[in-house]
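For reference, the structure discussed in these notes is given below.
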Amino acid sequence: MKFSEIKRHLAGYTVGIAGAGGLGSNCAVALARSGIGHLVIADHDIVDSSNLNRQYYFIDQVGMKKTEALKENIERINPETKVDIHNTVLSTENIPVIFRVCDVIVEAFDESGMKQMLAETVLSTWPERPLIIGSGLAGYGMTNKLKERILGRTLVVCGDEESETSDELPPMAPRVGIVANMQANAVIEILMKRKEHENNT
């Protein structure tokens, strides 16, 4: 299938991204480059100089809200992708509102408690809606340990599911980027399978 056909199909879908750090910013950019029509991005943080080793921001964006900086970057890459941003802390109360129009949701948090809260909220609110989680991406090397694991009908986990971030095992651009792009790839695969299903019915 030609890229123009893939892009035309993906333009009809909306993807939610919970978190605009290393995973979220890189995943959002990959999806925009691939032709996703609509992104809904939520985060409450600002760009810090310490983020630049792995997140899709630039030195002149330090101090900006991450959602605003990311929207700016995506508009420079693919202005055809509509980007809605929410500068807020996600919770069990606002997740069903913010991501209600999304076909797929990507979890991109650093903190395990937030990951669990988002997963439980999404899976209970929309049992049939795909959720793509990142788990285990700290450090460098160990590329062969990174994998995609499908749980049930709607949950996909990307990463090694082991390496937790610490001072001695920091998150770095190569592995963070790989996992973020694995998440984007999982989103595209899910949405392209819908086209295959449509063509076979």
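The values are calculated or read from the model by the stated rules, or taken from the named source; none is laboratory data. This is a predicted model, so every value here is computed, not measured. Neighbour counts run over all protein chains shown; Cβ positions are idealised from the backbone, glycine included.
Points worth noting:
- In segment 94-114, of all residues being of a type in the set (D, E, K, R), at pLDDT 95 or above and surrounded by 14 or more Cβ atoms within 10 Å (Cβ to Cβ), the one that is nearest to ALA180 (Cα to Cα) corresponds to GLU107.
- Residues that are crowded, with 18+ Cβ neighbours inside 10 Å and touching a Lys or Arg at 6+ places or on another chain (Cβ under 9 Å), drawn from segment 115-124: VAL122
- Close pairs from segment 175-186: first within 12 Å of GLY141 (Cα to Cα), partner assigned to a helix (DSSP H, G or I), Cβ under 6 Å, at least 6 apart: VAL176/GLY22
- Matching entry among GLY37, GLY16, GLY21, GLY12 (being under 21 Å from ARG175 (Cβ atoms) and out of contact with any Pro (no Cβ under 7 Å at 6 or more places or on another chain)): GLY21
- Filtered residues of segment 1-23 (kept if crowded, with 24+ Cβ neighbours inside 10 Å and within 16 Å of ILE98 (Cα to Cα)): VAL15, GLY16, ILE17, ALA18, GLY19, ALA20
- The set of residues in segment 52-72 being surrounded by fewer than 21 Cβ atoms within 10 Å (Cβ to Cβ) and under 15 Å from VAL176 (Cβ atoms) consists of LEU52, ASN53.
- Residue match in segment 57-65 (condition: touching a Leu at 6+ places or on another chain (Cβ under 9 Å) and closer than 16 Å to ASP110 by Cα): no
- The condition of being without any contact (Cβ under 8 Å) to a residue 60 or more places away in the chain, among the hydrophobic types (A, V, I, L, M, F, W, C) and at negative phi holds for LEU39.
- Taking every residue in segment 73-91 that is crowded, with 16+ Cβ neighbours inside 10 Å and pairing it with any residue that is basic (Lys, Arg), at least 6 positions away or on another chain, the pairs with Cβ-Cβ distances below 7 Å are ASN78/ARG33; VAL83/LYS71; ILE85/LYS71.
- Counting the residues of segment 27-74 that are charged (D, E, K, R), assigned to a helix (DSSP H, G or I) and over 23 Å from ASN185 (Cβ atoms) gives 3.
- Pair list, Cβ < 6 Å and 6+ apart or interchain, from segment 3-23 residues that are under 25 Å from THR165 (Cβ atoms) and at pLDDT 95 or above to residues that are basic (Lys, Arg) and part of a helix (DSSP H, G or I): ALA20/LYS66
- The criterion of being without any contact (Cβ under 8 Å) to a residue 12 or more places away in the chain and small (Gly, Ala, Ser) holds for SER124.
- As for segment 164-172, it holds no residue that is in contact (Cβ under 8 Å) with a residue 40 or more places away in the chain, within 19 Å of VAL15 (Cβ to Cβ) and crowded, with 18+ Cβ neighbours inside 10 Å.
- Residue match in segment 126-143 (condition: of a type in the set (S, T, N, Q), within 16 Å of CYS27 (Cα to Cα) and buried (at least 21 other Cβ atoms within 10 Å of the Cβ)): no
- For segment 158-165, the condition of being modelled with pLDDT of 95 or more and closer than 23 Å to ARG33 by Cα holds for at least one residue.
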